[in-house]
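To keep things clear, I will list the structure first and then write my remarks on it.
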Amino acid sequence: MAKKEEISLIDSFAEFKESKSIDRDTMVSVIEESLRKAIASTYGSDENYNVTINPEKGDFEITHKRVIVDDGMVDNEDSQVSLADARKIDPTYVVGEELYEKVDFTKFGRRAVLNLRQTLASKILELQKDALYNKYKDKIGKIVSGEVYKSWKRELMLADEEDNEMILPKNEQIPSENFREGDHIRAVVAKVDNENGKPKIILSRTADLFLKRLFEEDIPEIADGLITIKAIARIPGERAKVAVESYDDKIDPVGACVGMGGSRIRGIVKELKNENIDVISYTQNTALFIQRALAPARINSIQLYDDVDRDGNKKIKASVYLNPEEVSLAIGKNGMNIKLAGMITGCEIEVYRDVDNGDADYADGDIYLDEFNDEIDQWVIDEFKKAGYDTALSVLNDPREQLIERTDLEEETIDHVISVLKTEFEDTEA
């Protein structure tokens, strides 16, 4: 039984030694601490015992140190040994010398060996968790890769090169993505929780930071600090806008990021499941920045004014005027272009048809939606204005399905608005 216990103990040290996440000094310190606790538990004290750890071989040695005294003068058997007993080991010993005897740990008893093994196993697990938490805490905001080995409805479980578990929640995946077990995925480390001592590594592919890191990897000028990313706005898997600025007048920041024929940005677009990426040149001129953000629409004029949101925070509102045929370009499919432009500029943007530029149909007999706020809630009017509908005829001239798609309002609300506006024009004609 003793031999089996000894092998079991050596296996514990081998397991400790093979743990790449635990450094040598920590390993030696923990093993020695655990052994000394076992010695103190068995003998009452570990004061006169030396513990030597050999991490390379995965074993250890315990020696008991005692001072040799004259026969009959032993007061403490733990720290003293009689000359007669010492000379049974080596006849050359004399009084005053120190006697070192190797201790067979397996003779401590089966329970002591099992307790030590359990203590070491617990320490290994605890230290591995701490090392994993610290490792990935330092990687927050950086791109990592892993292989899918479990797939659930709400999340994917990935394994890194050391088989550490990472989680990619469903809401952190690009909507059009569909991964299978064995697929390799790149994502940014969004956060690392330490719930009850168990690290939980959360990844994201929808975060703006993931797109930023991809630009840093693929665009040398960004990696070298010649171009900086000033702002990012994303609707993951659909469209994104990235504002860049160059510190070198000779470098075109947009051209450098896009590359000849889109050669540089193509890899990023593919990584993001064909997400459409607009790269725009950053400027501190707010009006010009909005103009660039609303491209490809051509703007006639922009009016800026300060406003306050519901929480009392100051914000900038922008009234953008353009020709009627440019409105749909400014708004974009499902309102994405104007939404992203507002996100990246930090402004609330409202689009208006410029009636002073040949749009006689709207100038003649049309009525601004704000005139109907006694019959239509102002927040509903604001939603229409955000989608580029600022007058009654602009609403009535578009199909009902398109109104629902662009404003994302309930069908009943759309029908109510159409009814109110139609009634107004019928009364006017009568």
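Filtering the stretch 191-222 to residues that are more than 16 Å from residue 273 (Cβ to Cβ) and of a type in the set (Lys, Arg) leaves 191, 198, 200, 212, 213. Of all residues in the stretch 94-112, those that are within 11 Å of residue 64 (Cβ to Cβ) and touching a residue at least 24 places away in the same chain (Cβ under 8 Å) have Cβ atoms under 9 Å from Cβ atoms of residues that are of a type in the set (S, T, N, Q) and open to solvent by less than 70 Å² (accessible area, probe 1.4 Å), 6 or more apart or on another chain, in 100/50; 100/63; 101/63; 102/63; 103/63.
Please find, within the stretch 383-414, the residue that is nearest to residue 335 (Cα to Cα) out of those that are without any contact (Cβ under 8 Å) to a residue 12 or more places away in the chain and open to solvent by 50 Å² or more (accessible area, probe 1.4 Å).
Just the residues of the stretch 383-414 that are without any contact (Cβ under 8 Å) to a residue 12 or more places away in the chain, to begin with: 397-399, 401-402, 404, 410-412.
Narrowing further to those that are open to solvent by 50 Å² or more (accessible area, probe 1.4 Å): 397, 399, 401-402, 410-412.
Working: 397: 18, 399: 16, 401: 14, 402: 11, 410: 16, 411: 17, 412: 20 Å.
In this case the residue turns out to be 402.
Only strands (runs of 3 or more DSSP E) whose full extent lies in the stretch 147-240 are considered here, and the ones with at least 2 residues that are open to solvent by 40 Å² or more (accessible area, probe 1.4 Å) and of a type in the set (Lys, Arg) are 184-195, 198-204. Counting only residues that are modelled with pLDDT under 90, open to solvent by less than 90 Å² (accessible area, probe 1.4 Å) and outside any strand (DSSP E or B), the stretch 94-117 holds 11 of them.
Selection of first residues in the stretch 25-40 that are more than 16 Å from residue 103 (Cα to Cα) and in a helix (DSSP H, G or I) and of second residues that are among the β-branched types (Val, Ile, Thr) and open to solvent by less than 40 Å² (accessible area, probe 1.4 Å), restricted to Cβ pairs under 7 Å at least 6 apart or on distinct chains, gives the following pairs, ordered by first then second residue: 28/53; 31/53.
Within the stretch 314-344, take every residue that is assigned to a strand (DSSP E or B) and out of contact with any Lys or Arg (no Cβ under 8 Å at 6 or more places or on another chain) and give me the one that is surrounded by the fewest Cβ atoms within 10 Å (Cβ to Cβ). It comes out as 314. Here 153, 102, 142 are screened, and the one residue that is within 30 Å of residue 87 (Cα to Cα) and among the basic types (Lys, Arg) is 102. For first residues located in the stretch 255-281 and farther than 21 Å from residue 205 by Cβ, partners that are surrounded by fewer than 16 Cβ atoms within 10 Å (Cβ to Cβ) and of a type outside the set (D, E, K, R) and lie 6+ apart or on another chain with Cβ distances below 9 Å form the pairs 256/220; 262/269; 280/295.
Tell me, which residue of the stretch 118-143 that is at pLDDT 90 or above and touching a helix residue (DSSP H, G or I) at 6+ places or on another chain (Cβ under 8 Å) is surrounded by the fewest Cβ atoms within 10 Å (Cβ to Cβ)? Among them, the one singled out is 142. Scanning the stretch 53-71 for residues that are touching a strand residue (DSSP E or B) at 6+ places or on another chain (Cβ under 7 Å) and open to solvent by 80 Å² or more (accessible area, probe 1.4 Å) yields one hit, 71.
Apart from one condition, residue 311 fits all of (1) exposed (fewer than 13 other Cβ atoms within 10 Å of the Cβ); (2) at pLDDT 95 or above; the exception is (2).
The values are calculated or read from the model by the stated rules, or taken from the named source; none is laboratory data. Note that the structure is a prediction, hence the values are computed from the model and not measured. Every residue, glycine among them, receives a Cβ derived from its backbone with ideal geometry; neighbour counts consider all protein chains shown. Accessible surface is based on the protein model in full, side chains and every heavy atom, while ligands, DNA and RNA are left aside. Shrake-Rupley method; radii C 1.70, N 1.55, O 1.52, S 1.80 Å.
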